[in-house]
Amino acid sequence: MQVWERLGEQITEWILDYAKSNGITTLVVGVSGGIDSAVTSTLCAKTGLRTIALSMPIRQIESQNNLSMKHCEWLSSNWNNVEYHIVDLSETFDSISTVLTEKGADDLSLANTRARLRMATLYSMASSNNGIVVGTGNKVEDFGVGFYTKYGDGGVDISPIADLYKSEVFSLADSLGVMQEIQEAAPTDGLWDDGRTDEDQIGATYQELEWAMREVERPSGAELDERQKRVMERYLQLNKANSHKMEPIPVFKRSDR
């Protein structure tokens with residue numbers, strides 16, 4: 001436990017140092033009710049800087065919204081530098097989705113639109129309060145399979161836990177005292193009306209994806225069983241398909257300069 005407490009302190013100091021060196025006085029983080037946003041918002045709270053936690057439901061499933069609110073209440077009761085707000089984007093999304101659907105938008109594009117509406121909300125709050133938007137993505141999502149929305153939840157200013165595997169996020173959550181309900185909840189991006197989980201969408205658990213990512217980085221040389229072969233195939237497929245999210249934006253370079 002001491003290792004994770006020390007890591008938490010190091011990340012908190014990193015956030016604080018970045019904010020101070022850039023004249024930032026406010027940290028803005030979206031809270032979904034999931035483990036990643038719970039850990040990130042707690043680390044922000046521990047900096048002592050003004051921390052604004054935003055819950056941004058869009059026709060949200062009640063259980064997800066309840067976890068988000070419980071965590072926000074837990075944060076504000078433990079750190080007096082934390083405030084939380086609910087910004088219900090349901091009607092906003094309904095308006096834009098009606099127009100986009102008429103133009104042929106499919107379900108996936110509309111799900112990503114939800115994430116981009118939340119990003120715009122976070123940045124509005126940050127720019128109005130001399131703040132920055134703090135990202136909540138972990139290493140497997142951000143640099144393994146690219147499981148996030150480009151210019152949605154991927155649109156952030158700093159990423160405190162993006163070098164942590166999902167298992168490490170859970171260990172850190174335990175050391176920070178994140179409520180057990182959140183630690184035990186099935187990971188979900190909260191972008192679908194049917195409440196589908198991340199595993200439903202990806203076809204593999206985060207434990208399996210983490211194994212694949214580690215195996216790619218440092219091959220063990222061990223023979224893979226059939227399930228491992230399928231997971232590795234899926235991991236490599238997503239890594240390639242989503243590489244455009246993880247690499248710098250291509251820029252045309254003039255040859256006459």
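Taking (1) at positive phi; (2) in a helix (DSSP H, G or I) in turn, ASP94 satisfies each apart from (1). Scanning segment 200-226 for residues that are without any contact (Cβ under 8 Å) to a residue 60 or more places away in the chain, part of a helix (DSSP H, G or I) and in contact with a helix residue (DSSP H, G or I) (Cβ under 8 Å, 6 or more places away or on another chain) gives ILE202, GLN207, GLU208, TRP211, GLU215, VAL216. The one condition from (1) hydroxyl-bearing (Ser, Thr, Tyr); (2) touching a helix residue (DSSP H, G or I) at 6+ places or on another chain (Cβ under 9 Å); (3) closer than 16 Å to VAL178 by Cα; (4) at pLDDT 95 or above that THR26 does not meet is (3). Taking the criterion of being among the hydroxyl-bearing types (Ser, Thr, Tyr), crowded, with 18+ Cβ neighbours inside 10 Å and farther than 21 Å from TYR165 by Cβ, the residues of segment 11-63 that qualify are THR26, THR47, THR51, SER55. Among the residues making up segment 173-199, those that are in contact (Cβ under 8 Å) with a residue 40 or more places away in the chain and within 12 Å of SER63 (Cα to Cα) are GLU181, ILE182, ALA185, THR188, GLY190, GLY195. Within segment 97-121, the set of residues being of a type outside the set (A, V, I, L, M) and in a helix (DSSP H, G or I) comprises SER97, THR98, THR101, GLU102, ASP107, SER109, ASN112, THR113, ARG114, ARG116, ARG118, THR121.
The values are calculated or read from the model by the stated rules, or taken from the named source; none is laboratory data. As the structure is a prediction and not an experimental result, all values here were calculated from the model. All Cβ positions, glycine included, derive from the backbone under ideal geometry; neighbour counts span all protein chains shown.
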